[in-house]
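Throughout, read-outs are computed from the coordinates displayed, never taken from laboratory work. As the structure is a prediction and not an experimental result, all values here were calculated from the model. Cβ sites come from the backbone with ideal geometry, for glycine too, and all protein chains shown count toward neighbours.
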Amino acid sequence: MLRSFSYFVINPTCYEKSFRNHRLSAAKRPYRFCTYCLRPARAGATRNYRDDSTLPKGKPGARIQSLIAVINANDAGRIKSFIETECADPFRSFVPVEEHIAQIGGLYSMTGGVDFHSIRSYTPERPEQTVVIVKDRNYGGWHGISLKFEAGGEQRITEIQFNPARTPTNIKEPELSEAEFLPAVQSIIDKLCNKDAFSGTVLIAKGDKIILERVCGEADKGFHVANNMDTKFNLGSMNKMFTATAVAQLAESGKLSFDDPISKYVDESWLPRSITDKVTVHHLLTHTSGLGSYFNDNYWKSSRELYRAVDDYKPLVQGDTLSFSPGERFQYSNTGMLLLGVVIEKAGGQDYFDYIRDHIYKPAGMANTDCYELDYPIENLAIGYIPAPQSPYRWQTNTGQRLRSGRHVQLRPGRYAVGQPHCTTYWKNKNLISP
């Protein structure tokens, strides 16, 4: 399962992100926007939690039932009523109700609805937090809805997080044999394609043998152009793995060290040395630098034509500060990954995009992957879409979220956006760095 789910939370370990219709200065932004990616539990990992399939009594239990019902209803009117009657300030009024509707409606789009399974408790305890474990109907995956309530009175909801969750302790999920696996995957793909919940390609290989290929959905919904197995798609933040691989290559060749301060590569036209002397390459790679995101007001108000080369993003980074001492904790940082592009250019002696093409895409045989300047006609390139349940069209192109000039351009290293590398080939058996 490769889905990610997001909602507003008060959580200093998560990265800030501006909302499409309601952007506040960082000082006035009481919530964080968190994205979590599902990853399998480590084999033999100790479970520090237990699950009880009994709802809490009283108003908290009723609020939980109401939230699940609202997610499953996928109805704007019911979401609006839920926010107004069952959620407290500042959560309720932080963004316009339309944004709440978009977020909760988005959960339905990604899950197909959820079913209550249990309340999860932890050792050590997590006071003032109620974690509700639900199972999504699209993928059969487990998710945790973390809630906080008012201390007394109406006990309305004051915080919501929606995270991937580990398998409940009171469930034993059987392992599938290879013979059982393929029909199960095919069944899931068929269901998602029929619901228009998935658009893209699926390839499963064992060794050098391809054992399943499937494609569905449309590369262009306006002209009803179907996807094919070679269609190029936006990669999103998956491009960060290429940035990280490039840094590891340069470290392996002795051109940089993970412990180098980034002041060795990032000059003061980007950030002052009072910052870059404290931040190491390792901090950037592990999102522990304390830097934030260059998706700021200047970015949203500017033309995308301004941003083609890495250096073009400099005005968006200048003036950034550290929110904590480097290495102190984790905070997802788009600025950090952007600065790794600067490091790669300095240490590698090439333009970032050229380096990635020459040292990763080409050696790995990724012939349909690159950073494309989209004001040129790129063959077999899909348009990206996001759900728009309140629109009669049901979908909205994601290019409109990134572009203001009407011109499609390539964007920065290591971040989702139009013009990121588009991957349709599988990674061939090549060692790009030593095991």
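If R₀ is 45 angstrom, what is the calculated FRET efficiency for the pair Tyr122 and Met238, using the beta carbon separation as r and rounding to 0.05? Please list the in-between numbers first.
Values: r = 31 Å, r/R0 = 0.68.
Plugging the Cβ-Cβ distance into 1/(1 + (r/R0)^6) gives 0.90.
Once the other residues with Cβ under 11 Å from the Cβ of Asn48 are scored (Lys, Arg +1; Asp, Glu -1), what is the net sum?
Numbers: positive: Arg47, Arg50, Arg120, Arg126, Arg166; negative: Glu125.
Once all neighbours under 11 Å are counted, the net charge is +4.
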Legend entry - Computed log₁₀ I(q)/I(0) - Debye formula, equal Cα scatterers, no solvent, the range 228-380, q 0.12, 0.14, 0.16 Å⁻¹: -0.53, -0.72, -0.93
Legend entry - Nonlocal amide H pairs with Ile119, under 5 Å, H built at 1.01 Å: Asp52, Ser53, Thr54, Ile133
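Please tell me which of these pairs span more than 20 angstrom C-alpha to C-alpha: Lys172/Lys209; Lys135/Lys195; Lys135/Lys206; Lys255/Lys346? Could the numbers behind the result be given before it?
Details: Lys172/Lys209 31 Å; Lys135/Lys195 18 Å; Lys135/Lys206 29 Å; Lys255/Lys346 10 Å.
Violating the 20 Å Cα-Cα cut-off are Lys172/Lys209; Lys135/Lys206.
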Legend entry - Charge context of Ala69, other residues only, Cβ under 13 angstrom, K/R +1, D/E -1: -1
Legend entry - At 0.692 mPa s and 37 °C, Stokes diffusion of the range 282-369 via Kirkwood alpha-carbon radius, µm² per second: 228 µm²/s
Inset, instruction - List the residues whose amide H sits under 5 Å from the amide H of Gln396, counting only those 5 or more places along or on another chain, with H placed 1.01 Å from N in the peptide plane. - result: Ile386, Ala388
Legend entry - Proximal charge balance of Asp196 [Cβ under 13 Å; K/R count +1, D/E count -1]: +2
Legend entry - Amide proton proximity set for Tyr332, modelled H, under 5 Å, gap of 5+: Tyr15
Inset, instruction - Highest first, please rank the peptides 382-389, 130-137, 336-343 by the mean number of other Cβ atoms sitting within 10 Å of their residues. - result: 336-343, 130-137, 382-389
Legend entry - Hz values of 3J(HN,Hα) by residue in the range 90-102 - Karplus curve (6.51, -1.76, 1.60), Gly and Pro given as x: x, 4, 5, 9, 4, 10, x, 4, 4, 6, 4, 4, 5
